[in-house]
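Single-structure report; data block below.
Every read-out reported here was derived from the displayed coordinates using simple, explicitly stated rules and does not represent laboratory data. Predicted model only: the values in this text are computed from it and were never measured. Using ideal geometry, Cβ is built from the backbone for each residue, glycine included, and neighbour counts are taken over all protein chains shown.
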Amino acid sequence: MFKKILAISLCLVLCASLCGCGYEYFDLDLESTYTREFAGTELNVYNWGEYISDGSEGCMDVNREFERLTGIKVNYTTFESNETMYSQLKNGGVSYDIIVPSDYMIARLKSEDMLTKIDTSALSNYKYIDDSYKGLYFDETEEYTVPYNVGMVGIIYNSALIDEPEHSWKALWDEKYRNMSLNFNNPRDGFMTAQKLLGYSVNSTNLDEWDKACELLKDGKDVLQSYVMDEIYGKLETGEAAIGPYYAGDYLVMLEVNPNLRFFYPEEGTNIFIDSICIPKCVENYEAALAYINFLLEPDIALANAEYIGYATPHTAVMNNPDYCYYQDEILYPKEEDIPNVEYYHDIPESVRMHYENLWLDLKLY
Amino acid sequence: MKTLSRIYVALILVFLYAPVAVMILFSFNSGGSVWVFEGFSLDWYKGLATNTSMLTALQHTLIIAVLSALISTVMGTAASVGILALRKKISRSAVMSVTNIPMMNADIVTGISLMLLFVFVGNLFGLNESLGFFTFLAAHITFNLPYVILSVLPRLRATDMSLHEAALDLGCTPVSAFFKVILPSISTSIFTGAIMAFTLSLDDFVISYFTCGHYQTLPIVIYNMTKKTVAPDVYALSTLIFLCVFVLLILYNTLQSKSDSRRGFNV
Amino acid sequence: MNKKSFGSRIVAAPYIVWAAIFIVVPLVIMVYFALTDSNGAFTLANFAQIGKFKKAFGLSVLYAVIATIITLLLAYPMAYYMTKLKISSQRMIMMLIMLPMWMNFLIRTYSWITILANTGLINKFLSLFGIGPLQLINTPGAVILGMVYDFIPYMILPIYTAMSKIDNSLLEAASDLGSNSLSRIRRVIMPLSLPGVISGITMVFVPSVSTFYISQKLGGNKTLLIGDAIEYLFNTGPQYYNIASTLSLILMVLILISTLIMNKFGDDEEVVI
């Protein structure tokens, strides 16, 4: 019995190592730009789920292309919230060479001295980043971040199941959609929906406002079907749920599966975010990390990623490329007058942060 | 009565296999969803061959399962021999109580306590990274060990000592007497322990969740996948694993019943 | 050394060292975290916060108890009927029960979503007759179903093992003495299968009370069980390790107490594993 199990196991391992025959590499013609100096080293990349073109359904496998080009082995792992990423990084259990946090988390990581400076002069492709995304509040000196994706939060609904709702966050509290509505399963975004409805700032340092937002969320909890992150894909695509808030880019990806989905930005205003590439303090392979960042900024790679991820890109060569499938898409790149009152998340003082993290727990325990 | 009981057994089996059937069905889905069946196709099986993250995870799972089963079997068998040799009853029961802890405790507590240990020690020595292949392997060995010991120890206790004494009287050294006399008589229970360890390690999610660093195994990758939309390729892989195990068990079963009928005894 | 002992204590040394480092020390560290604040200073404040988690503890215990009872009620007759079958069919059924355990439990649990969802298989079937849709997913019932489903083999196997060890002559003696089949079950089979039941209950209750995956997937993330709360805290940052350790510690004590109570029921019979 044991021998057989061993034999089967070995077969499986063999299959696993033999695989790789199925993927066809793209003709990138970048050999001259990248050295194989770091071949054999490893690069630990920690990114959001569904946040890189991964070779599925004929698209480009970005990590694999990078591995072929440089000989560097990419250990790619994913997280589902800024907080999880922070927790992993902070406890020192795992080290990473590349992380992709959002704006407020970058500010926090920076204030806790957890980031390494990025030498942007060594990045030949840094020039492609749109100036309006450089030197933002979390990195005024352009030393720590390279913008990766930009997005805004809106509400997605299924027009085959419900009529167009009033363009307001109120929809998530509406009794009409009992058991059909969803909300975010992470504190910052979850609170945002209530804060905007109450007319508060998402960066309020007034604990009372956070308490009120929490009360509002508690009121709405009974109506909701569930709190979700990326599970929202399956739920909205199949009609399991009819309405829920999510990131605009994800809506475009879902739309390809279910053409009945619709999207709007609520009138009360919403959150705008930038996810940027950073190098944490615990970096072990700095040079390879720089090469990886530069690789992600290659116009062809950035295009493949932008089309796969569906988020707005700060990359000028992609933005201005008429072949880009979301070229001048009005949801991703809305005109100034179409979006009311967007607000970035800022890193807020620790006492407030701990207060809302505990409130979130109260909400879930409620 | 007899039909009733048969129906009952059948119903329980239906309950056990309903999700498995769903899984197998949707692995052949031509659409990309595990909710709506659109048509039959083998695309997801073909797609597996290019899915590096899943295949690497499978490789990691098997490596960890084989290594942790081997190490815990050797260490656990030695421990069983040693525990029986402990003279004081109190030290014996102390060791046994500690051995029982990972088995009785909730996985989440075991996982968290191990993670705290690794992180704590890592910080103490200022390591850049405290979770890795070896800590992960150590965690798996740790939760495997009790199962090996509790499989081997009772059998060892029931072993006829006179044979061992005879071997000693005939001039064997204690060590060779152990290998020549004792080991063959407890080999089945060692084997059972090893298989149990292998299975546990293969399927463990909770402890791995808290102790894995970059070395991610299949359950971890699957967990990350169920956080978003599960594509039928996970189902395809699970179906393949299911088939492998199924064939193995059938083989084992027929071999066993053949040898049983030859020897003519009942279990 | 006693001539009877064929081994030497020394061969247990690697294991004892191992167990000390990887079983005892981690628990000590956990206790240390539970008794300190995030700066490492001694405090009992973590225990003062526990009141907040009353509901999570209560629900976890409630769901786990219900799941364990249902599992027992389903598994006991199953084990009994199995022992009545031919040896070859017994072995076949044993294999069929164990087979799903070789598959990833995450995937098996996830499959239930496809079955139970509002647009899932059961509701699609019911809609053919104009019924529904019934709210099956995201309910306490779905969470309990997930627990029963995932852990029922751990109940069937020990009970079956205990029952199949019962000597047939005992049953014959009982009928000779005038017992009918019902009283045979009550007087002979039940007491003799008790050790199996006890270990089955422990093996179902412990993973049920501490689960965090099942409630996330089948319960819609709306109610936190204690396992979910611990997982949330650990994933929010190291500043919550202390309170999370406190919760883990309490969970451990809870499990310890329930195991001890169960073992009391089982008298001093050795628990079958």
Check: Modelled label-to-label distance, A:GLU140 and B:ALA18, 7 Å Cα→beta-carbon offset: nm?
Finding: 6.1 nm
Check: How far is it, in nm, from the label point at C:LYS84 to the one at B:LEU240 when both lie 7 Å from their Cα along the line to the Cβ?
Finding: 4.3 nm
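Please report the net charge: other residues with Cβ closer than 12 Å to the Cβ of A:LEU236, K and R +1, D and E -1.
Here the count lands on -3.
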Next item on the list: Return the tail of the calculated pair distribution for the stretch C:1-134, meaning the percent of Cα-Cα pairs more than 18 Å apart.
Entry: 81 percent
Check: Taking Rh as the Kirkwood radius computed over C-alpha pairs, what is the Stokes-Einstein D of the stretch C:144-273 at 37 °C in a medium of viscosity 0.692 mPa s, expressed in µm² per second?
Finding: 191 µm²/s
Item checked: Cα pair distances of the protein assembly as shown binned at 10 Å [whole percent] -> 2, 11, 20, 25, 20, 12, 6, 3, 1, 0
Item checked: Packing-based ranking, highest mean first, of A:102-111, B:20-29 given that Cβ atoms within 10 Å are counted -> A:102-111, B:20-29
Note to self: What does the structure give for B:5-17 when I average, per residue, the other chain Cβ atoms found within 10 Å of the residue Cβ?
What the structure shows: 5
Notebook entry, point to check: Out of C:ASN180, C:ASN118, C:ASN263, any idea which swings most in a Gaussian network model of chain C, alpha carbons joined below 10 Å?
Noted result: C:ASN180
Notebook entry, point to check: Efficiency by 1/(1 + (r/R0)^6): what FRET value for A:THR205 and A:GLU256, r their Cβ-Cβ distance, R0 = 51 Å, to the nearest 0.05?
Noted result: 0.80
Check: If you take the beta carbon distance between B:LEU4 and A:ASP219 as r and set R0 to 60 Å, what does 1/(1 + (r/R0)^6) give as a FRET efficiency, to the nearest 0.05?
Finding: 0.75
Margin query: If I model a spin label as a point 7 Å beyond the Cα along the Cα-Cβ vector, how far apart are those points for B:LEU70 and B:VAL36 in nm?
Written below: 4.9 nm
Next item on the list: Go ahead and run the numbers for FRET between B:ALA94 and A:ASP113, Cβ-Cβ distance against an R0 of 41 Å, rounding to 0.05.
Entry: 0.35
Checklist line | Between the stretch C:13-89 and the stretch B:102-136, the Cα center-to-center distance that results, in Å | finding: 18 Å
Check: Taking the Cα centre of the protein assembly as shown as the origin and placing charges on Cβ (Lys, Arg +1; Asp, Glu -1), which of A:PHE26, B:SER27, A:MET114 is farthest toward the positive end of the dipole?
Finding: B:SER27
Next item on the list: Put one equal scatterer on each alpha carbon of chain C, apply the Debye formula with no solvent term, and list log10 I(q)/I(0) at q = 0.11, 0.16, 0.17 1/Å to two decimals.
Entry: -0.84, -1.26, -1.31
Next item on the list: Please give the net charge around A:ASN203, taking every other residue with its beta carbon less than 13 angstrom from that of A:ASN203, where Lys and Arg add +1 and Asp and Glu add -1.
Entry: 0
Checklist line | Cα convex hull volume per residue for the stretch A:117-213 (Å³) | finding: 165 Å³
Item checked: the stretch B:54-226, Rg to Rh (Cα coordinates; Rh as Kirkwood inverse mean 1/r) -> 1.06
Next item on the list: List the extent of the Cα atoms of the stretch A:218-366 along each of their three principal axes, largest first, rounded to whole Å.
Entry: 47, 43, 32
Next item on the list: Report the residue, chosen from C:ILE69, C:ILE115, C:ILE243, that carries the largest GNM mean-square fluctuation when chain C is represented by alpha-carbon nodes joined by springs under 10 Å.
Entry: C:ILE115
Check: Mind checking the log10 I(q)/I(0) for the stretch B:141-183 at q = 0.19, 0.20 Å⁻¹? Debye, one equal scatterer per Cα, no solvent, two decimals.
Finding: -0.63, -0.66
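When 1/r is averaged over all different Cα pairs and the result inverted, which Kirkwood radius in Å belongs to chain A?
Details: mean 1/r = 0.0455 Å⁻¹.
For chain A, the Kirkwood estimate is 22.0 Å.
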Check: Over the stretch A:305-366, with a single point scatterer placed on each C-alpha, what log10 of the ratio I(q)/I(0) does the Debye formula yield at q = 0.17, 0.21, 0.22 1/Å?
Finding: -0.75, -0.84, -0.87
Next item on the list: Jot down the radius of gyration and Dmax of the stretch C:64-175, Cα atoms only, both in angstrom.
Entry: 17.9, 56
Next item on the list: Report, in whole Å, the centroid distance computed from the Cα atoms of the stretch A:310-366 and the stretch B:162-186.
Entry: 72 Å
Margin query: Taking only complete DSSP H runs, can you tell me which helices of chain C stretch 15 Å or more along their own long axis by Cα positions and average at least 1.6 on the Kyte-Doolittle scale?
Written below: C:241-265
Notebook entry, point to check: What net charge do the residues around A:ARG108 carry, taking every other residue with its C-beta under 13 Å from that of A:ARG108, with Lys and Arg at +1 and Asp and Glu at -1?
Noted result: -4
Notebook entry, point to check: Which helices count as membrane-span-like in chain B under these terms: full DSSP H, at least 30 Å along the axis by C-alpha, Kyte-Doolittle mean of 0.0 or more?
Noted result: B:2-27, B:52-85, B:133-157, B:232-263
Check: Average partner chain C-beta neighbours within 10 Å, per residue of C:253-263?
Finding: 1
Next item on the list: With all distinct Cα pairs included, what does the Kirkwood hydrodynamic radius of the stretch B:145-249 come out to in Å, to one decimal, could you say?
Entry: 17.3 Å
